[in-house]
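Enquirer: Input: one structure, supplied below.
The values are calculated or read from the model by the stated rules, or taken from the named source; none is laboratory data. Everything quoted here is computed from the prediction, not taken from an experiment. Cβ placement follows ideal geometry from the backbone for every residue including glycine, while neighbour counts extend to all protein chains displayed.
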Amino acid sequence: MFQKILIANRGEIALRVLRACKELGIQTVAVHSTADADAMHVGLADESVCIGPPASRDSYLNIHQIVAACEITGADAIHPGYGFLSENAKFADILAAHNITFIGPSGDHIRVMGDKIEAKRTAKRLGIPVVPGSEGAVSDEKEALRIAAEIGYPVIIKASAGGGGRGMKVARSEEDLLVALNTARTEAGAAFGDDAVYIEKYLEKPRHIEVQIVGDGAGQAIHLGERDCSLQRRHQKVWEEANSPALNAIEREKIGGICAKAVADLGYSGAGTIEFLYENGEFYFIEMNTRLQVEHPVTEAITGIDLVHEQIRVASGGGLSVTQDEVRFEGHAIECRINAEDPKTFVPSPGRITHFHTPGGLGIRVDSGAYSGYKIPPYYDSLIGKLIVHGRNRVECMMRLRRALDEFVVDGINTTLPLFRDLIGNIDIANGDYDIHWLEKYLAKAE
Ligand code: ADP
């Protein structure tokens, strides 16, 4: 087991990882920018190292500083959290060369899944259902027209190097397609330095359903069921739940089993998420994230399995703590992402929190680095906390969530709490009846 883990992240996820380390009796090192000197995880860590000025590229993305902090403190492993360096294959390779364990998959697995065309090809080879479309990159117009005619309109053009919902264009006709192909390539080239694009069938009303997996790197892997993350704004998830209101136990076992077998065959190590669009009873792979996800707590709530413990165990060579047969799904969990943003315009709202009171009671979990008097710096993303609620079934979970939202107080800044208080009273939300466009339409109506 590791003696000391350096946490290469900030905010709620740095605190989340720190808690797991403490439980396992592992020493912790926090790294932080000058803007985060007052952060809660910095105060709670055994040691802390300032790694640079506020801008992420000079601090949380600064590989040299982070490796130096590891060597100074004698940390033997790094947990990257999510975002920042968590899916940077070069970082994983550099750590390996320095004999520091990267708590995550190999650089090669990160690389394959970071390239969307390569990821899709690999998924297909491993028996994961994918969206019908081009086999690899498409460059000339003739080929694009032929493929689109084969799969049928509408189609979507996606950048191989894309991410965060950027670099995508929908085409509903041949004329559309020619324009979309050119703009997508130009945009992808400018944004990602790689103009490779591919085509797939555009699904009109899918849900976003993702499967959590953990592999031991030696050919064993389990799945921990799915999360439904269909409630999104600008491709950013807002509300996540497990299980998905749209799946039954048979479908769950089937897709979960396919994913677990695929990552076992790949020899994958660590936690990962296989993301699908789901429409008319069919799953279509869109990407794999080779890291812990923001929404992982809903899976923890219904399985009782601590995903960060599993990540650390696997990375240290200790294997998985559970077999697939031992995994049970109990009750229902929902996560609301509390952002420091105006709940109507979504304009970021950094600044001082004058009063911070979190809800409590049975089935309530709040993951947040915020506290009364904490000043949210303006340099990073606006997620300030996550409210995760568990109940024996979805109805109980929703009742408890409504109560918890009422108790939550954040004064001094704007937050998205009022949005969730509205959503909880909506009939479609109550019925679990929504697709990936539902929230955008709801927000447009409310304007
Ligand atoms: P990124 O890595 O940029 O997030 P994804 O491939 O995960 O890209 O897709 C992001 C979002 O774009 C999806 O959650 C979905 O809303 C939409 N999308 C992607 N592919 C399709 C498709 N074939 N049909 C319909 N919507 C799609």
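Enquirer: What are the residues in segment 272-306 that are among the charged types (D, E, K, R) and away from the ligand (no atom under 11 Å from the Cβ), if any?
Expert: If the condition is that a residue be among the charged types (D, E, K, R) and away from the ligand (no atom under 11 Å from the Cβ), then E282, R291, E295, E300, D306 are the ones that fit.
Enquirer: Right, something else. Scan segment 406-423 for residues that are surrounded by 20 or more Cβ atoms within 10 Å (Cβ to Cβ) and of a type in the set (A, V, I, L, M, F, W, C) and jot them down.
Expert: Answer for segment 406-423, where residues must be surrounded by 20 or more Cβ atoms within 10 Å (Cβ to Cβ) and of a type in the set (A, V, I, L, M, F, W, C): F408, V410, I413, L419, F420, L423.
Enquirer: Within segment 363-376, how many residues are among the basic types (K, R) and either within 29 Å of D228 (Cα to Cα) or in a loop (DSSP other than H, G, I, E, B) (or both)?
Expert: So the count comes out to 1.
Enquirer: Taking segment 221-235, which residues are buried (at least 18 other Cβ atoms within 10 Å of the Cβ) and either touching a His at 6+ places or on another chain (Cβ under 8 Å) or not β-branched (V, I, T) (or both)?
Expert: Scanning segment 221-235 gives A221, H223, L224, G225, E226, R227, D228, C229, S230, L231, Q232.
Enquirer: Residue check, A370 against (1) small (G, A, S); (2) surrounded by fewer than 14 Cβ atoms within 10 Å (Cβ to Cβ); (3) under 24 Å from the mean Cα position of the chain (by Cα), all met but one. Which one?
Expert: Result: A370 fails condition (2) only.
Enquirer: Can you pull out every residue in segment 101-152 that is more than 21 Å from the chain's Cα centre (by Cα) and either of a type in the set (G, A, S) or within 12 Å of the ligand (Cβ to nearest atom) (or both)?
Expert: G127, P132, G133, S134, G136, A137, S139, A144, A148, A149, I151, G152
Enquirer: Under 6 Å between Cβ atoms, which residue pairs at least 6 apart in sequence (or on different chains) link something in segment 176-187 that is within 14 Å of S160 (Cβ to Cβ) with a partner that is in a helix (DSSP H, G or I) and of a type in the set (G, A, S)?
Expert: Once the first residue is within 14 Å of S160 (Cβ to Cβ) and sits in segment 176-187, its partners that are in a helix (DSSP H, G or I) and of a type in the set (G, A, S) give L181/A144.
Enquirer: So if I check each of I338, I388, which one is surrounded by 21 or more Cβ atoms within 10 Å (Cβ to Cβ) and either assigned to a loop (DSSP other than H, G, I, E, B) or touching a Ser or Thr at 6+ places or on another chain (Cβ under 8 Å) (or both)?
Expert: I338 is the lone residue from the list that is surrounded by 21 or more Cβ atoms within 10 Å (Cβ to Cβ) and either assigned to a loop (DSSP other than H, G, I, E, B) or touching a Ser or Thr at 6+ places or on another chain (Cβ under 8 Å) (or both).
Enquirer: Would you point out which residue out of S269, S316 is among the polar types (S, T, N, Q), more than 16 Å from the ligand (Cβ to nearest atom) and surrounded by 20 or more Cβ atoms within 10 Å (Cβ to Cβ)?
Expert: So the residue among S269, S316 that is among the polar types (S, T, N, Q), more than 16 Å from the ligand (Cβ to nearest atom) and surrounded by 20 or more Cβ atoms within 10 Å (Cβ to Cβ) is S269.
Enquirer: Can you pull out every residue in segment 160-179 that is within 30 Å of N88 (Cβ to Cβ) and more than 8 Å from the ligand (Cβ to nearest atom)?
Expert: S160, A161, K169
Enquirer: Name the pairs whose Cβ atoms lie under 6 Å apart, with the first residue in segment 201-228 and among the hydrophobic types (A, V, I, L, M, F, W, C), the second near the ligand (Cβ under 10 Å from one of its atoms), and 6 or more positions between them or separate chains?
Expert: Here the result reads L203/L277; L203/E279; I209/F276, each pair linking segment 201-228 to a residue that is near the ligand (Cβ under 10 Å from one of its atoms).
Enquirer: Just the residues that are more than 16 Å from the ligand (Cβ to nearest atom) and either among the polar types (S, T, N, Q) or surrounded by 24 or more Cβ atoms within 10 Å (Cβ to Cβ) (or both), please, taken from segment 242-255.
Expert: A242, N243, N248
Enquirer: When you check A96 against the structure, is it of a type outside the set (S, T, Y), buried (at least 22 other Cβ atoms within 10 Å of the Cβ) and either within 16 Å of the ligand (Cβ to nearest atom) or modelled with pLDDT of 95 or more (or both), yes or no?
Expert: So A96 does not fit the description; no.
Enquirer: Quick one: count up the residues across segment 61-107 that are of a type in the set (F, W, Y) and without any contact (Cβ under 8 Å) to a residue 60 or more places away in the chain.
Expert: Counting residues in segment 61-107 that are of a type in the set (F, W, Y) and without any contact (Cβ under 8 Å) to a residue 60 or more places away in the chain gives 1.
Enquirer: Any residue in segment 143-159 that's on the phi > 0 side of the Ramachandran plot and among the small types (G, A, S): show its pairings with residues that are outside any loop (DSSP other than H, G, I, E, B) and near the ligand (Cβ under 8 Å from one of its atoms) at Cβ separation under 9 Å, as long as the two are six or more apart or on different chains.
Expert: Partner pairs satisfying both residue conditions: G152/K201.
Enquirer: Still on this structure, I have one more. Taking only pairs six or more apart or across chains, which ones have beta-carbon atoms under 6 Å, a first residue in segment 249-276 that is closer than 23 Å to G107 by Cβ, and a second residue that is of a type in the set (D, E, K, R)?
Expert: These pairs meet every condition: T273/E210; E275/E210; E275/E287.
Enquirer: Residue pairs, Cβ under 8 Å, 6 or more apart or interchain, first in segment 162-173 and among the aliphatic types (A, V, I, L, M), second part of a loop (DSSP other than H, G, I, E, B) and more than 11 Å from the ligand (Cβ to nearest atom). List them.
Expert: Qualifying pairs under 8 Å: A171/Y153.
Enquirer: Further, regarding this structure: Select from segment 341-362 the residues that are touching a residue at least 60 places away in the same chain (Cβ under 8 Å), over 22 Å from the mean Cα position of the chain (by Cα) and assigned to a loop (DSSP other than H, G, I, E, B) and list them in ascending order.
Expert: D342, K344, S349, P350, I353
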